[in-house]
Structures are given as C-alpha cells and as structure tokens.
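The values are calculated or read from the model by the stated rules, or taken from the named source; none is laboratory data. All values derive from a computational prediction rather than experimental measurement. FYI the Cβ positions are ideal-geometry reconstructions off the backbone, even for glycines, and counts take in every protein chain you see. The protein model used for the area step is the full one, side chains on, heavy atoms only, and it has no ligands, DNA or RNA in it. Shrake-Rupley method; radii C 1.70, N 1.55, O 1.52, S 1.80 Å.
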Amino acid sequence: MPRGFWFVVATLLVVALLLALIIGGLFLKEGQEEVFVGVMVGYDNVEDIVSFVDEVEDYVNLIVIGSLDVTTNATKLTAVCDHLHSKGLYFIPFMFITQYLEKPDFFQVAEERWGEHFLGVYVSDEPGGRQFDSSNVRIVTEAENYSDAASQYIEGLNGGLQLFFSRFEEPANVTAFTSDYLLHWFDYKAGYDVVFAEFGWNFSRQLHVALCRGAANVQNKEWGIIVTWTYRNPPYIEEAEKLYEDLVLAYNNGAKYILVFNYPTNVTDYGILTDDHLEYMRKFWDYVNDVSQPTQPAKTAYVLPEDYGYGFRGPDDKIWGLWGADELSAKVWNETESLLETYGKNLDIVYYTPEIDQKQLYETLIFWNGTTVQFD
C-alpha cells in the first residue's frame, strides 16, 4: 500500500477517537474540572448491578455501590468493580464504620487493579441527621453547651473514621465520602473529604447547597449532591422533570459530584427509576457536556456563630438535636430565607472562624450579629 493510504487511515482513526471522546463527555471545557455524574445503586447482587450499569453507562461516569451485601463481600465487590472499570466508569463503595470489607489490603489492591477509577470510600451516611433524628445512634448524647457538643461530635466522628481506616493497610490517601442533610460543616471538621448535600423530601435545595458548599469552600474540601427520597411510599422519588431541574441546579451551583439514589423495588425494572427518569438523566448528561459550569457562584456568605449546630428545618428546629430553639433561632431562620431570596445561588452559609475575613473567599460577609464586611 502507498504511504498516503496509511496516512489517511491514521488520520481517520485520530478523528474517530476525538469524536468518541467528545461524545462520551470526556473532554473538559477549558479551565473546568471533571464533574462526576452518576447513581448510588442499592442492588444486593452482582447481576442486577451489572444489568443496571449496562443500561446507564452512556450517560453517567460514576457509580456508588450502595449495598453492604456487595461491599462487605470481597468476591462480589471485586466483580462489580472489575465490570465498572471495564466500562471506564469511576466508583465508590459504601461501607459502615462498623460494617466493612474484612480485607486489610483492599486499598492497595484497588490502587493497583483499578487506579484512578477507584475514587474512595463512602463511610456511613447522615451522621448529622442521625445526631438530630436518631437518638439511639447519635454521637453526642449530652453536652454542657454548644461548644462542648461540637467538640464531642467532631472528636467522636473523627475517631470512628480513624478506626475504620485503621483496619486497612496504608489507607492514608483514600478519600472519605458521606452524605448528610444536617451539620455539613462539622462533618468536614471531623475528617470527611467530600459531603453530598441531600436533595429530598421538601427540603430547600438552595439552602442545602449554601450550607454544604459554604462548608467545603471555607475548609478547602469538595462537595456534591445526591437526590434521595421524596416520598415514603411509591413512587419514592420525585418526578422525572423535577429530578432534571434538581440536577441542573446542582451543576449550576458548582457541585463536583451529582448523584441520584436508586434502590431495588418492584416499581420499575430499574428500581425506583422509571424510563422517564433515565431519559431526563440522559438529557442532563448532554447538558453537562454542552454548558460550562460556574467555578464559584457564591460571592456572599452568611456567617453563623461558631459551634451553632442549628437544624435549619424551620424557626423552631433543635440545636445539636439536644436543645430546643433558642433566642437566635428564629432570627437566623428568617435572615437565611431573606438572604436566599436576595442572593440565590450567590449565597453560602458558613460558620465563624478567626480567619474567615482574612481568607477573603467572598466579596461580602454578613454576620449573624448584624455586622457586614465588604472586600474590594
């Protein structure tokens, strides 16, 4: 064959590869970090996970393996991770601090076998929510004051994380994930690297973004969202169009991780997700690949008192799950609602630290005590 023929063949192969990368969403826009879009899969057997992954692989790049029946079984977990890796997907296994894979070299194996596709471990879930709503498993059962409660929560949760990772060999660089609907700031303080704010029930999406993103921003961590339950009974999850709106909202607010929770039921062939849900997830994947993501939408922060573990579910919500609302609760609630209405996605909610005004992460700081600080 003449050399010109092989040049044409090589050129066509390069073009085909570039098109595949673009279509697959693997090219990033200039200056943009990769966004992880996916599903937390609650199936408890390998075959169902494989079948679901094969259905959604074209419009996700991340799977959270959400069943302890899989993630505490080395054979099952390896088979699932091998399949996900073969599809070019990223993955995170879910484990409890007290229920985990009894394989000390797992992290070493993960690094060697799957490389960067193994993102880390989702260690337990909703520690802040449990502190408020599950008295039998809360970390802090009694405290002298808010500072004591914060200290106990951070030390207790950090101790649990350290115990979890100590069961594995050389786990120092493994990223720790969780999700929560309360106390995001203190989850990060306790040692989590990434917290997923939960979009569910009738919670304000923008409020939860402001709390989680603000905590991550000030503490130099990463954040994301996960769409969870809306109803206690079928259909369990919000309608497909609303799901799409929530995913777009998270993306436009700068979330690096954007997940949908799925659980096996007899509602559909895809757990709680319908064909419409999957179609809107495909539409969202196209949106991510077509629209540049804002890097830091928030320019204003509402600053709360240090250690003020208020629940943000109404003016009468508890503090640290231990005390009722105090004289500040209604003020914080009302100011938060007003500020969110004024600033929308441009507002973060953070807690006071001595260096908050020195970092100058925001153009404007609005303090709970009426003080406002603006930076040029």
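If exposed means no more than 13 neighbouring beta carbons inside 10 Å and the site is in a DSSP loop, what's the longest run of the chain without any exposed chymotrypsin sites (Phe, Trp or Tyr not before Pro)? It works out to 28-200.
For the range 124-210, run through the trypsin sites (Lys or Arg not before Pro) and keep only the ones in DSSP coil with at most 16 other Cβ atoms within 10 Å of their Cβ. Intermediate results must be reported in sequence, preceding the final value.
Working: sites: R130, R138, R167, K189, R205; in loops: R138, R167.
Taking the range 124-210 and a limit of 16 other Cβ atoms within 10 Å, the loop trypsin sites (Lys or Arg not before Pro) found are R167.
Taking the C-alpha atoms only, the angle from helix 329-343 to the longest principal axis of the chain is near 50 degrees. Residue separation of Y352 and F203 scaled by 0.36 nm, minus their Cα-Cα distance, works out to 51.2 nm of gained length. Does the range 124-163 come out rounded, prolate or oblate by the C-alpha gyration tensor, with a ≥ b ≥ c the root eigenvalues, rounded set by a/c under 1.5 and, if not, prolate when a/b is larger than b/c and oblate if not? Taking the square roots of the gyration eigenvalues as a ≥ b ≥ c, the range 124-163 is oblate. Distance from the C-alpha centroid of the range 100-172 to that of the range 252-304: 25 Å, rounded to the whole angstrom. Springs join every pair of Cα atoms under 10 Å in this Gaussian network model of the chain, and among G254, G42, G314 the largest mean-square fluctuation is at G314.
Pairs of alpha-carbon atoms within less than 8 angstrom and 6+ residues apart define the contacts here; what relative contact order does the chain have, in percent? Here the relative contact order equals 14 percent. A Cβ-based charge dipole, computed about the Cα centre of the chain with Lys and Arg at +1 and Asp and Glu at -1, lands at about 520 debye. For helix 3-23, report the angle its Cα long axis makes with the longest principal axis of the Cα atoms of the chain; keep it between 0 and 90° and round to the nearest 10°. The angle comes out at about 30 degrees. Note on the chain: with a GNM built from Cα contacts shorter than 10 Å, the maximum mean-square fluctuation among V218, V291, V195 falls on V291.
Counting only protein heavy atoms, what percent of the accessible surface of the chain is carbon or sulfur at a 1.4 Å probe?
Working: 8510 of 17500 Å².
Looking at the chain in its full context, I get 49 percent from C and S.
Springs between Cα atoms under 10 Å define the GNM used for the chain, and in it the highest mean-square fluctuation of G321, G214, G88 occurs at G88. Residue separation of D316 and F96 scaled by 0.36 nm, minus their Cα-Cα distance, works out to 76.0 nm of gained length.
Label sites at S147 and D69, each approximated as a point 7 angstrom past Cα along Cα to Cβ, lie 4.9 nm apart.
Greater than 26 Å separation of Cα atoms is the criterion. Which listed pairs, K221/K345; K189/K256; K189/K318; K318/K359; K76/K221; K189/K345, meet it?
On the way: K221/K345 19 Å; K189/K256 19 Å; K189/K318 21 Å; K318/K359 31 Å; K76/K221 31 Å; K189/K345 24 Å.
Over 26 Å Cα-Cα: K318/K359; K76/K221.
Scanning the chain for GluC sites (Glu not before Pro) in DSSP loops with at most 16 neighbouring Cβ atoms within 10 Å leaves 170-238 as the longest stretch between them. Per-residue ellipticity at 222 nm computed for the chain from its helices equals -13000 deg cm²/dmol, with DSSP H segments shorter than 4 residues left out and the rest contributing -39,500 (n - 2.57). Rounded to 0.05, the FRET efficiency of the D133 and N233 pair, given R0 = 30 Å and the Cβ-Cβ distance, is 0.95. Helix 46-56 and the longest principal axis of the Cα set of the chain meet at an angle near 90°. The distance between label points at V109 and T371 comes to 5.4 nm (points 7 Å beyond Cα on the Cα→Cβ vector).
Between S86 and D193, the FRET efficiency estimated from the beta carbon spacing at R0 = 25 angstrom works out to 0.40. Taking every DSSP beta bridge that has both ends in the chain, the antiparallel portion is near 15%.
If r is the Cβ-Cβ distance from N334 to E170 and R0 is 56 Å, what FRET efficiency results, to the nearest 0.05? Numbers along the way, then the final one.
Working: r = 49 Å, r/R0 = 0.88.
So, using R0 = 56 Å, E works out to roughly 0.70.
Compactness of the range 248-316 is given as radius of gyration and Dmax, 17.5, 48 Å, from Cα positions.
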